[in-house]
Amino acid sequence: MFQASSLPTISFFGGESEKTLDLSRSGSQIQHVSQIISKLAPASSSVGLIFRTGPELVISWLGVLASRRVPIILQYPTSKISKVYWRDSIRDSVSRCSINALLCDPEVSIYAPEELAPCHIVDSLDDSGTGDDDLVFPSQDEILQLSSGTTGFKKPIRFSFDALREHASLYNQVLQLSRNDCIVSWLPLYHDMGFIACFVMPLLLGVHVVLIDPITWVRRPQLLFEA
């Protein structure tokens, strides 16, 4: 689906430290995640990702794809929802999506994600690596995306790579995005416009993206204009 050498740069804005991740030179980090997942989850199984919007989330999503598993970004816990509701929501997603493993950041440990599915904590990923000629993404596979959950627990939607490529192509007949453009977004990456327009499309088209974590943006809305 993706060509490793054609992946764009993604900048993360508004946190304690701003970072720019050159995905075309992050092959070793993506391969590292792929190897972790290959040991943690059976082939073709679903893998849930629980991270703030940051380099670890993007690298982990691509690493799951490279391992020929099915990635799905899950909602990150926030102060706006109770711990009980968040765990019930993730438990429901694990069941609906037949998730076999979770990749999480260290802050999620207090929610005991290992009780919901086999879990690997990703402490950090060095984003200064180089490209890897051995990194090959499958040309045919699937991904999972969640609905917003406005009327209940979030519902999974399964897309084939062919459907994503066709959608991006049709969408871009209107947007006319090129490598000279830049997308800036605070939208969450687990569903809808944040996932497709501000994540999958730029990965497919090689468009630079500037991402702000949703909760960071809620606390400082002016970040969008600063970015």
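When the alpha carbon gyration tensor of region 40-118 is reduced to an equivalent ellipsoid, its three semi-axes come out at 20, 15, 10 angstrom, largest first.
With a 10 Å cut-off between alpha carbons and a GNM built on the chain, which of GLY63, GLY27, GLY149 moves the most? Among GLY63, GLY27, GLY149, the largest GNM mean-square fluctuation belongs to GLY149. Counted residue by residue at 0.36 nm each, then reduced by the alpha carbon distance between them, the extension gain from GLN35 to THR78 reaches 12.5 nm. Of the solvent-accessible surface of the chain, computed with a 1.4 Å probe and all protein chains present, 49% belongs to carbon and sulfur.
Solvent exposure of THR150, expressed as accessible area, is near 120 Å², computed with a probe of 1.4 Å over the protein chains only. In the elastic network of the chain, a GNM with C-alpha springs shorter than 10 Å, the most mobile of GLN31, GLN140, GLN75 is GLN140. Computed about the Cα centre, the dipole magnitude for region 24-163 is approximately 640 debye when only Lys and Arg (+1) and Asp and Glu (-1) carry charge, each at its Cβ. For region 1-23 and region 148-169, compute the distance between their C-alpha centroids and round to whole Å. One Cα centre to the other: 23 Å. Maximal additional length on extending the SER11-ILE121 stretch stands at 37.3 nm, based on 0.36 nm per residue less the C-alpha distance. Per residue, the convex hull spanned by the Cα atoms of region 75-199 amounts to 170 cubic angstrom. Counting only DSSP beta bridges whose two residues both lie in the chain, roughly 30 percent are antiparallel. In loop segments of region 1-110 as defined by DSSP, the GluC sites (Glu not before Pro) with at most 13 further C-beta atoms inside 10 Å of their C-beta are GLU16, GLU18. Note on the chain: with a GNM built from Cα contacts shorter than 10 Å, the maximum mean-square fluctuation among ARG52, ARG25, ARG96 falls on ARG96.
For SER139, the solvent-accessible surface with a 1.4 Å probe is about 70 Å², rounded to the nearest 10. Surface analysis of the chain yields an accessible area of 47 Å² per residue, using protein heavy atoms and a 1.4 Å probe.
With a Cα cut-off of under 29 Å and a minimum spacing of 8 residues unless on different chains, the lysine pairs in the chain number 7. For trypsin sites (Lys or Arg not before Pro), the sites in region 143-216 that DSSP calls loop and that have at most 15 other Cβ atoms within 10 Å are ARG179. Sketch the reach of a paramagnetic label on TYR85 as a point 7 Å from Cα along Cα-to-Cβ, and name the residues of region 99-127 whose backbone nitrogen lies under 19 Å away. What the label zone holds, given the 19 Å backbone N cut-off, is 111-112.
Convex hull volume of the C-alpha atoms in the chain, normalised per residue: 122 Å³. Each residue was assigned an accessible area with a 1.4 Å probe, and for HIS32 the value is about 90 Å². Once each part is reduced to its C-alpha centroid, what is the distance from region 90-109 to region 56-77 in angstrom? Here the two parts' Cα centres lie 11 Å apart.
The values are calculated or read from the model by the stated rules, or taken from the named source; none is laboratory data. Keep in mind it's a predicted model, so treat the numbers as computed, not measured. With ideal geometry, Cβ positions are generated from the backbone for all residues, glycine too; neighbour counts draw on all protein chains shown. Just so you know, the surface numbers come from the protein's heavy atoms only, side chains and all, with ligands and any DNA or RNA stripped out. Shrake-Rupley method; radii C 1.70, N 1.55, O 1.52, S 1.80 Å.
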